[in-house]
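Notes follow once the structure below has been shown.
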Amino acid sequence: MKKNLLKDILVFVVITVAASLSLAMVNSITKDPIARQNEKIIQDSYRSVFKEGQNFDNNKQINQLVKNFPNVIKDKKYNFGENGIVIDDVLVVTNDKKELIGHVVKVTTEDGYGGDITLVVGIDTNNEITGIEVLSIDETVGLGMNAKNDNFKNQYYHKSVTDFKITKTGKQNEDEIDALSGATITSSAFNNAINGALAINQEIKEANHE
């Protein structure tokens, strides 16, 4: 009986090791293609929010401003929601003549109803939003997920304001955004991310005397 037990244990160990090796091999094979696909999605989103852009480049000075932005939030007492926002990346956008036409900001808020919401926002030199792409969102279908729809995002485009406000009573001013029906939390989180993108863009403009 002991021999049978040892045999069963040995078989189980062999199967477990083989399964682990197979899983590791699959992960190794698929890791790079998945990473490349995710990077392509991000790059495509940059071009989608700033269609006039020809070049999208990192900048050391801007990277330093992004790194210091949490301190700016504290100093200027910005309110970007309960958990705040994180500026993930900022790219300089230039046209075919290498002229500056704006920036692309990748920003994440943790205050979504279903968790993190990550946006890519195009902002021109007038601090007006040229486009918004939703990279990551996990809100309620038919409610918060409607933040991906153009009729919600379009409310932000080509308006010269420093920040936006969510309203549930019908927008009357240029800086007001109609909340999604039944999804006030999502609307507010989305709006905080947008305002964070506008704020870092303004910091860049001031630092560069644009």
Here FRET efficiency (C-beta to C-beta, THR125 to LYS77, R₀ 25 Å, nearest 0.05) is 0.40
A chain fully extended from GLU110 to ASN68 at 0.36 nm per residue, minus the present Cα-Cα distance, gains in nm 13.2 nm
Trypsin sites (Lys or Arg not before Pro) in the stretch 101-186 lying in a DSSP loop, each with at most 16 other Cβ atoms within 10 Å of its Cβ, come to LYS159, LYS168, LYS171
Given pairs LYS40/LYS168; LYS40/LYS60; LYS153/LYS205 and cut-off 28 Å on Cα-Cα distance, the over-length ones are LYS40/LYS168
Residue span LYS60 to ILE29: 0.36 nm per residue of separation minus Cα-Cα distance leaves a gain in nm of 7.8 nm
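Using Cα pairs closer than 8 Å and at least 6 residues apart in sequence, work out the relative contact order for the stretch 50-209, in percent.
22
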Summed over the other residues with a beta carbon less than 14 angstrom from that of LYS165, with K and R at +1 and D and E at -1, the charge totals -2
Straight-line reach check, LYS74, cutoff 20 Å on alpha carbons, 8 or more apart in-chain or any other chain, hits among aspartates and glutamates -> GLU82, ASP88, ASP89, GLU110, ASP111, ASP163, GLU203, GLU206
So, with points 7 Å from each Cα along the Cβ direction, the GLU176-ASP150 label distance in nm works out to 2.6
P(r) of the chain over all Cα-Cα pairs, 5 Å bins starting at 0, rounded to whole percent, reads 1, 7, 13, 16, 16, 13, 9, 6, 4, 3, 3, 3, 2, 2, 1, 1, 0
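Arrange the peptides 86-99, 56-69, 111-124 so that the one whose residues have, on average, the most other Cβ atoms within 10 Å appears first.
So the order, starting with the most tightly packed, is 111-124, 86-99, 56-69.
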In debye to the nearest 20, the charge dipole size for the chain, taken about the Cα centre with +1 at each Lys and Arg Cβ and -1 at each Asp and Glu Cβ, equals 900
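Every number in this text was worked out from the coordinates using simple rules, so none of it is lab data. Predicted model only: the values in this text are computed from it and were never measured. Ideal geometry is used to build each Cβ from the backbone, glycine not excepted, and the neighbour counts take in all protein chains shown.
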